[in-house]
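Engineer: Pasting in a structure now, in structure tokens, and then I'll have a few things to ask.
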Amino acid sequence: MKAMRPSSTQPLLVTLGDAAGIGPEIIVKAFLQGELADAVVIGDVAVLRRAGAPMTARIERPADRAEVPPGCLPVIEPAGLPPALATLPTGQVSATAGAAAARCVEAAVRWVQAGEGAAVVTAPIHKEALAAAGVPYPGHTEMLQALATPAGAAPAPVRMMLANPELRVVLVTIHVSLRRALELLDFEAVLSTLRIAHAAARGWGQAAPRIAVAGLNPHAGEGGLFGDEEQRFIGPAVQAARAEGIDAHGPFAPDTVFMRARRGEFDLVVAMTHDHGLIPVKYLGVEQGVNVTLGLPFVRSSPDHGTAFDIAGQGRADPASLVAALVMARQLAR
């Protein structure tokens, strides 16, 4: 089903994340800072109360947010949510928490696909908890791709983008081993990523986004001395994208291209593998980092950090990245 275009009155749909992690805490902190005035949480009331929510209101659908009194956090508890989530110990992998996190994401997608939400903002989930619950996806990106695909249709290609005020990086491959990532890289994967990145940037208002492509090998292969992937398919994919009217450049040495983009030479960088692309963004500070899934029929953003089990339940979690994800969702859903 194709998502209906959101209106300015529709709420952001914020999913609970892993109940044993910091997701509930950063949601509550963002709410107390006034950052969820236009949002509904898809989650568990008791878990949010445990995380410090002063007042909550169970509602049946996103539109019911309009009836919730000021200072009260509106929460939709999805069908199939496991019971007694608030009794789970924090900071531990739990199949129950993994199942609950998946139910919340599924419900949020249903609402936004029905045109009752402006965007989906996901609090962190734990990949081991998902696996323990039997969820057949390694993370949000793959789950959202599957949920957005109509029955019987081939999944539309999606890509992960990590962004902060200084840098936006789109990845060709994500949650696979490095060896598997090398197997997945080819001409079509790179060209598809350039198309998705270009279309997304135009969607958020950049008429002619400038896209740099980071090479795979040191010095972008140094003319084939350190690897030939740049010559065999990365460079040709860049040229094919340019022939389609995409302002793509490269491949460039991956150890310098991010600095060039940060100085303003490019609007986006396409990186071949997960850590190639995410290390430079996260080095600039996770508190402003936002994960955005490109290629979905709706806007989805998330903090760029994980469940932080080491500090979960201690009141120490910083909601800044979630707040940045909320801001990004509002901008992209306009």
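The values are calculated or read from the model by the stated rules, or taken from the named source; none is laboratory data. No experiment lies behind these values; they were computed from the predicted model shown. With ideal geometry, Cβ positions are generated from the backbone for all residues, glycine too; neighbour counts draw on all protein chains shown. SASA here: full protein model, heavy atoms, side chains in, ligands and nucleic acids out. Shrake-Rupley method; radii C 1.70, N 1.55, O 1.52, S 1.80 Å.
Engineer: Do you know which of the residues in the stretch 65-88 that are open to solvent by 40 Å² or more (accessible area, probe 1.4 Å) and within 26 Å of the chain's Cα centre (by Cα) is nearest to residue 306 (Cα to Cα)?
Structural biologist: Of everything passing the filter in the stretch 65-88, 77 is nearest to residue 306 (Cα to Cα).
Engineer: Let me ask another. Would you say residue 324 is assigned to a helix (DSSP H, G or I), closer than 17 Å to residue 22 by Cα and either touching a Pro at 6+ places or on another chain (Cβ under 9 Å) or of a type in the set (S, T, N, Q) (or both)?
Structural biologist: So residue 324 passes the test.
Engineer: Which one of 148, 131 is out of contact with any helix residue (DSSP H, G or I) (no Cβ under 6 Å at 6 or more places or on another chain) and surrounded by 17 or more Cβ atoms within 10 Å (Cβ to Cβ)?
Structural biologist: 148
Engineer: While we're looking at this one, here's another question. Within the set of pairs 6 or more residues apart or between chains, which connect a residue that is touching a residue at least 60 places away in the same chain (Cβ under 8 Å) and surrounded by 14 or more Cβ atoms within 10 Å (Cβ to Cβ) inside the stretch 175-196 to a residue that is polar (S, T, N, Q) and assigned to a helix (DSSP H, G or I) with Cβ atoms less than 8 Å apart?
Structural biologist: Pairs that qualify, where the first residue is touching a residue at least 60 places away in the same chain (Cβ under 8 Å) and surrounded by 14 or more Cβ atoms within 10 Å (Cβ to Cβ) and the partner is polar (S, T, N, Q) and assigned to a helix (DSSP H, G or I), are 175/141.
Engineer: Kindly indicate whether residue 264 is touching a residue at least 12 places away in the same chain (Cβ under 8 Å), at positive phi, assigned to a loop (DSSP other than H, G, I, E, B) and open to solvent by 20 Å² or more (accessible area, probe 1.4 Å).
Structural biologist: Considered against the rule, which asks whether it is touching a residue at least 12 places away in the same chain (Cβ under 8 Å), at positive phi, assigned to a loop (DSSP other than H, G, I, E, B) and open to solvent by 20 Å² or more (accessible area, probe 1.4 Å), residue 264 comes out as no.
Engineer: Provide a single number: the residues in the stretch 36-64 that are of a type outside the set (Gly, Ala, Ser), open to solvent by 80 Å² or more (accessible area, probe 1.4 Å) and over 17 Å from residue 317 (Cβ atoms).
Structural biologist: Final tally of qualifying residues: 5.
Engineer: Also: Considering each residue of the stretch 289-334, count those that are more than 27 Å from residue 157 (Cβ to Cβ) and touching a His at 6+ places or on another chain (Cβ under 6 Å), and give that number.
Structural biologist: Here the count works out to 1.
Engineer: Restricting to the stretch 130-167, count the residues that are touching a Ser or Thr at 6+ places or on another chain (Cβ under 6 Å) and either under 21 Å from residue 100 (Cβ atoms) or of a type in the set (D, E, K, R) (or both).
Structural biologist: Selection size over the stretch 130-167: 4.
Engineer: Mind listing whichever residues of the stretch 197-217 are in contact with an Asp or Glu (Cβ under 7 Å, 6 or more places away or on another chain) and either open to solvent by less than 30 Å² (accessible area, probe 1.4 Å) or within 13 Å of residue 159 (Cα to Cα) (or both)?
Structural biologist: 201, 209, 211, 215, 216, 217
Engineer: Which of (1) surrounded by fewer than 17 Cβ atoms within 10 Å (Cβ to Cβ); (2) modelled with pLDDT of 95 or more; (3) not in a loop (DSSP other than H, G, I, E, B) does residue 102 not meet, given it meets every other one?
Structural biologist: Answer for residue 102: the failing condition is (1).
Engineer: Next question. Within the stretch 14-72, count every residue that is over 19 Å from residue 323 (Cα atoms), part of a helix (DSSP H, G or I) and among the acidic types (Asp, Glu).
Structural biologist: The total comes to 2.
Engineer: Would you pick out the residues in the stretch 81-98 that are under 12 Å from residue 44 (Cβ atoms) and either part of a helix (DSSP H, G or I) or without any contact (Cβ under 8 Å) to a residue 60 or more places away in the chain (or both)?
Structural biologist: If the condition is that a residue be under 12 Å from residue 44 (Cβ atoms) and either part of a helix (DSSP H, G or I) or without any contact (Cβ under 8 Å) to a residue 60 or more places away in the chain (or both), then 81, 82, 83, 84, 85, 86, 87, 96, 97 are the ones that fit.
Engineer: On to the next question. Restricting the search to the stretch 117-128, which residues are open to solvent by 40 Å² or more (accessible area, probe 1.4 Å) and either acidic (Asp, Glu) or in a loop (DSSP other than H, G, I, E, B) (or both)?
Structural biologist: Passing the criteria: only 128.
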